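Notes for the one structure printed next.
The values are calculated or read from the model by the stated rules, or taken from the named source; none is laboratory data. From a predicted model like this one, the values you see are computed outputs, not experimental measurements. Methodologically, a virtual Cβ is constructed for each residue, glycine included, from the backbone with ideal geometry; neighbour enumeration extends over all protein chains shown.
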Amino acid sequence: MSAFLPDVAQSKTLIRPAVSIDWVGMGGISLPFHIDDTAGLPLCGLADIGVDLGQSGGRGIHMSRLYRHLLEHLQQQAVTPVLLRQLLSSVLGSHGDCLSTTAQVTLQFVHLAYRSALVTKEAGGWNRYPVSITGHLKEGVFSCSLQVEVTYSSTCPCSAALARQSITEIFDRHFQGQTSIGLDQAKQWLSIHGTSATPHSQRSVARIEVQLAESARLFELEPLIDRVETAIGTPVQTAVKRQDEQAFALLNGMHLQFVEDVVRKLSDTLYPLYEQASIDVRHLESLHAHDAVARKSWNKSSEMRPPTQGEEKE
């Protein structure tokens, strides 16, 4: 019956001359799926999928085919880099008449991971990690990237130094004229005045994007999150009791860090593991009305590439 229905997208009558288009597709498609790291737990995510449109003489692509291939692949088995490549290959195969040579799919979702409290092991809860996975296939070459956001706490080293100096000055004024004081007297003073000045700290976000190896069979999302949180040292907590909050305060005191410090920590941890990656760190300042931001990226293949003519160093 569809053979008798008009297909305007494939009409040869164009409203303007045919030109190639880099990207045509669908965005914000809601669908359930699960990935290799979620142990079969269903995720509610959003998908963007599309292809390029060559100078085929046709007016548009086949949107319904994109949707059908997306559902057929992502709802039958766990999403892996291998499955994304298969999906994009089938999408391109269905758009030969559009002269499409490039296909891309992006999945966005929130990954939940259970985190125990620092001291009270029976306490804990679920931390959320926004994730984006992108698969790209162009002329037979496939690439896959994984992006995740990790929230943590950061305490300013400068502010901590200023607070320590202020407390020292208050201590000097309080005991002015005394050549010595007893241990109990000092402890009593600290228990009352030890927080006369406090450094500022804030919730902070590290956005990590890594390019997976061509041979990657899994995303290994949770190992990446674990490495990032271990490197930073102060991931946000879920359910806590007083002893856990105290332990978190100690962690922050042990990891005073600027955005530059966090980027360097993450670079040291991730550079040996990924050929290509980018790090974006943002401290949502409690002192300022603006954020502190730092970024770093690398691509080892271009770093090792010999300079082309005109790029030689002087």
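Go through (1) hydroxyl-bearing (Ser, Thr, Tyr); (2) under 30 Å from residue 34 (Cβ atoms); (3) in contact (Cβ under 8 Å) with a residue 40 or more places away in the chain and name the single condition residue 201 misses.
(2) is the only condition that residue 201 fails.
Scanning the stretch 255-299 for residues that are part of a helix (DSSP H, G or I) and of a type in the set (A, V, I, L, M, F, W, C), which turns out nearest to residue 199 (Cα to Cα)?
In this case the residue turns out to be 259.
Can you name the residue in the stretch 52-86 that is more than 25 Å from the chain's Cα centre (by Cα) and assigned to a strand (DSSP E or B) and, of all such residues, is modelled with the highest pLDDT?
52
Mind telling me which of the residues 120, 106, 101 ends up being in contact with a Leu (Cβ under 9 Å, 6 or more places away or on another chain), hydroxyl-bearing (Ser, Thr, Tyr) and farther than 19 Å from residue 211 by Cα?
Within the list 120, 106, 101, the selection yields 101.
Of all the residues that make up the stretch 83-133, how many are closer than 20 Å to residue 226 by Cβ, hydroxyl-bearing (Ser, Thr, Tyr) and touching an Asp or Glu at 6+ places or on another chain (Cβ under 9 Å)?
Result for the stretch 83-133: 3.
Touching an Asp or Glu at 6+ places or on another chain (Cβ under 8 Å) and among the acidic types (Asp, Glu), is that true of residue 169?
For residue 169, the condition - touching an Asp or Glu at 6+ places or on another chain (Cβ under 8 Å) and among the acidic types (Asp, Glu) - is not met.
Take the residues of the stretch 97-130 that are part of a strand (DSSP E or B) and charged (D, E, K, R): which is surrounded by the most Cβ atoms within 10 Å (Cβ to Cβ)?
115
Taking the stretch 235-246 on its own, how many of its residues are crowded, with 16+ Cβ neighbours inside 10 Å and part of a helix (DSSP H, G or I)?
The number of residues fulfilling the criteria is 1.
Any idea how many residues of the stretch 225-258 are aliphatic (A, V, I, L, M), touching a residue at least 60 places away in the same chain (Cβ under 8 Å) and out of contact with any helix residue (DSSP H, G or I) (no Cβ under 8 Å at 6 or more places or on another chain)?
Residues in the stretch 225-258 being aliphatic (A, V, I, L, M), touching a residue at least 60 places away in the same chain (Cβ under 8 Å) and out of contact with any helix residue (DSSP H, G or I) (no Cβ under 8 Å at 6 or more places or on another chain): 5 in total.
Between a first residue in the stretch 77-94 that is farther than 12 Å from residue 142 by Cβ and a second residue that is buried (at least 17 other Cβ atoms within 10 Å of the Cβ) and of a type in the set (D, E, K, R), which pairs have beta carbons less than 8 Å apart while being 6 or more apart in sequence or on different chains?
Hits for this filter: 78/36; 79/36; 80/36.
Please go through (1) in contact (Cβ under 8 Å) with a residue 40 or more places away in the chain; (2) under 18 Å from residue 149 (Cβ atoms); (3) of a type outside the set (D, E, K, R); (4) in a helix (DSSP H, G or I) for residue 206 and return the number of the only condition it doesn't satisfy.
(4)
Could we say that residue 293 is touching a residue at least 60 places away in the same chain (Cβ under 8 Å) and either of a type outside the set (Phe, Trp, Tyr) or surrounded by 15 or more Cβ atoms within 10 Å (Cβ to Cβ) (or both) here?
Against the criterion (touching a residue at least 60 places away in the same chain (Cβ under 8 Å) and either of a type outside the set (Phe, Trp, Tyr) or surrounded by 15 or more Cβ atoms within 10 Å (Cβ to Cβ) (or both)), residue 293 does not qualify.
If I go through the stretch 195-234 residue by residue, how many of them are under 30 Å from residue 168 (Cα atoms) and surrounded by 15 or more Cβ atoms within 10 Å (Cβ to Cβ)?
Adding up the residues that qualify gives 9.
Which ones in the stretch 131-169 are under 22 Å from residue 257 (Cβ atoms), surrounded by fewer than 16 Cβ atoms within 10 Å (Cβ to Cβ) and not polar (S, T, N, Q)?
157, 158, 161, 162, 164
Within the stretch 141-163, can one find any residue that is over 23 Å from the mean Cα position of the chain (by Cα), part of a strand (DSSP E or B) and at pLDDT 90 or above?
yes
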